[in-house]
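Let me begin by presenting the structure, written as structure tokens, before commenting on it.
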Amino acid sequence: MEILGATAGLLVICVLFLLLNTIQVIQRQGKGKLPPGPTPLPFLGNFLQLKGKEVFKSLLELSKKYGPVYTIHLGMEPVVVLCNCDIVKEALNDNGEEFGARGYMPLLDKMSHGGHGVIASNGERWKQLRRFSLITLRNFGMGKRSIEERIQEEARFLAKEFKNTKGQPVDPTFYFSKAVSNVICSIVFGDRFEYEDKEYLRLLDFLNQTFRGVSSVWGQLYNIFPKVMGKLPGPHNTIFQSVDVIHEFIKKRINMHKETLDPSSPRDFLDCFLIKMQQEKDVPQTEFHMLGAVNTTFDLFGAGTETVSTTLRYGLLILLKHPDIEERIHKEIDSIIGRNRAPCIEDRSRMPYTDAVIHEIQRFTDIIPMGLPHKLTRDIHFQGYSIPKGTTVYPMLSSVLHDPKQFKYPYSFNPGHFVDENGKFRKNDGFMPFSSGKRICVGEGLARMELFLFISTVLQNFTLSSPVDTDDLDLTPHLSGFGNVPCPYKLCFIPR
Ligand code: HEM
């Protein structure tokens, strides 16, 4: 009898909870506060509507039912999802101030020790660290010749490595991350690493594991249920272990820099940070301290390695699948650069086809499909809804890169999306892999330089060949979470 009574009591509480929850959601959405969306369950939110392996695809799918601006509940947290080029531009560009803050993302929050560094921070901290990073990167060569030379040098080393493979099939993953990361290392730490350096290889392995981890189902689950997942064992914990190892590595480098610092002649990004720390040592609210240095360096290193190297790896897979496109790039390289000098960034404007292919690679591969979460800095009337300050917003970059209004064949690889009828390069507003507005990627210029110089150097020297039938090459992502990661594959670099 007693058990029956307790069960009935529990049932009543559950029903009441469900009712309250539903009323709350209807109130939020019905009164025109939040945009409409699927009704969430208590605690689970809309979890059941999301396919763990492909959260961003589920989000795009839901926009077909609820429209381009809708609300989804991740756990109990409402998130406003923006889906198409015009809507994302209206938010990030036309209302940049309101949509310009970083939204809460549990993985990011934990990795950044509660919002340190550029990527995860907000307010004064973000302003200071972003401005400092942009200026220092520029001074150390972003857009300048010296960085171009560093990339050219690294591309030469990479070509040499590929030559050493003697046409045998290789997995390009670590070849690219070693080269790409070295560009960031030379700016941040002042030095490139030898490709055989064991500590460097270990570091890259941890970086790769971190990117794969945040793109995995476990990473997504942690983002939706941080409290529960934080207490459970599982692969998501390796993300934080990897981050700790990378942080330790950075700390060691910072200490080495401290010992040899000459404030009158900074050698690299870390030196500049240390000088700023010195200058602001008596400022109580300063953002220039050890935690800031480690996290800002981690951001550049982390954001600057896996993004570019994954794009290159995915790009080569696409070219393997489309040998006709590779051949057209070869022809353009032969006529504009020839075989006797290294490609330089000036060549890009004279090579519209190669430039278009690289844009199309970035569009098609859609490396960060959901972008990073944003947050409203104040209440706003947007697209007929009143969205309150503090609401998390997902600008779905994938929906922009595949917007049928912008791109004629959104789901096909077609460099024609970026070439006009006269064969000239054609810009497209839907090209937004780096996002837009106030939080636009800090490394856009650097990344675009790297993609051009690495791809043109590789194709100047090699023809790509697949050890398996090209029909068997699968371009669909192997992992689709925070990032889109290509299927593992091998290829042969045949010297030209
Ligand atoms: C293909 C290469 C890359 C892609 C596709 C990419 C994409 C992105 C995206 C989508 C964001 C989020 C912007 C937003 O919040 O709306 C971002 C932010 C950021 N990226 Fe990149 N990125 C790339 C390369 C790089 C490189 C090379 C660096 C380092 C120099 C870098 C550093 C950053 C930083 C520091 C942020 C945070 C900006 C902020 O919150 O203010 N990224 N990137």
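The values are calculated or read from the model by the stated rules, or taken from the named source; none is laboratory data. Worth saying up front: this structure is predicted, and the values here are computed from it rather than measured. Here Cβ is always computed from backbone atoms with ideal geometry, including for glycine, and neighbour counts include all displayed protein chains.
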Could you list, in sequence order, all residues of segment 159-174 that are part of a helix (DSSP H, G or I) and charged (D, E, K, R)?
Lys160, Glu161, Lys163
Could you go through segment 436-446 and let me know if any residue there is under 17 Å from the mean Cα position of the chain (by Cα) and either away from the ligand (no atom under 16 Å from the Cβ) or at positive phi (or both).
yes
Tell me, please, whether a residue that is of a type in the set (Val, Ile, Thr), surrounded by 19 or more Cβ atoms within 10 Å (Cβ to Cβ) and within 15 Å of the ligand (Cβ to nearest atom) can be found in segment 367-390.
yes
Total residues in segment 121-148, condition part of a loop (DSSP other than H, G, I, E, B) and either at pLDDT 95 or above or away from the ligand (no atom under 11 Å from the Cβ) (or both)
5
Among the listed residues Ser186, Ser177, identify the single one that is within 16 Å of the ligand (Cβ to nearest atom), under 24 Å from Arg267 (Cα atoms), over 16 Å from the mean Cα position of the chain (by Cα) and in a helix (DSSP H, G or I).
Ser186
How many residues of segment 334-353 are closer than 17 Å to Val419 by Cα and either free of Cβ contacts under 8 Å to residues at least 60 places away in the same chain or more than 16 Å from the ligand (Cβ to nearest atom) (or both)? The answer is 6
Close pairs (7 angstrom Cβ cut-off, 6 or more residues apart or separate chains): farther than 18 Å from Ser399 by Cα in segment 412-431, aromatic (Phe, Trp, Tyr) and not in a loop (DSSP other than H, G, I, E, B) anywhere
Pro415/Tyr353; Val419/Tyr353; Val419/Phe425; Phe425/Phe418; Arg426/Phe418
Restricting attention to segment 137-190, which residues are exposed (fewer than 15 other Cβ atoms within 10 Å of the Cβ), in contact (Cβ under 8 Å) with a residue 60 or more places away in the chain and of a type outside the set (Gly, Ala, Ser)?
Asn139, Arg156, Lys163, Gln168, Pro169, Asp171
Under 7 Å between Cβ atoms, which residue pairs at least 6 apart in sequence (or on different chains) link something in segment 92-121 that is at positive phi with a partner that is within 11 Å of the ligand (Cβ to nearest atom) and of a type in the set (Val, Ile, Thr)?
Gly117/Thr296
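If you check Val458 against the conditions, is it loosely packed, with under 15 Cβ neighbours inside 10 Å and over 20 Å from Phe364 (Cα atoms)?
Here the answer is no, as Val458 does not meet what is asked.
Looking at segment 241-254, is at least one residue modelled with pLDDT under 90 and either more than 24 Å from Glu77 (Cα to Cα) or polar (S, T, N, Q) (or both)?
First, the residues of segment 241-254 that are modelled with pLDDT under 90: none.
No, segment 241-254 has no match at all.
Of the residues Arg328, Arg313, which is surrounded by 21 or more Cβ atoms within 10 Å (Cβ to Cβ), basic (Lys, Arg) and either closer than 26 Å to Asp472 by Cβ or more than 16 Å from the ligand (Cβ to nearest atom) (or both)?
Numbers: Arg328 fails: surrounded by 21 or more Cβ atoms within 10 Å (Cβ to Cβ).
Selected residue: Arg313, the only one of Arg328, Arg313 that is surrounded by 21 or more Cβ atoms within 10 Å (Cβ to Cβ), basic (Lys, Arg) and either closer than 26 Å to Asp472 by Cβ or more than 16 Å from the ligand (Cβ to nearest atom) (or both).
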All positions within segment 419-430 that are in a loop (DSSP other than H, G, I, E, B) and surrounded by 19 or more Cβ atoms within 10 Å (Cβ to Cβ):
Gly430
Residues in segment 259-317 that are part of a helix (DSSP H, G or I) and acidic (Asp, Glu): how many?
4
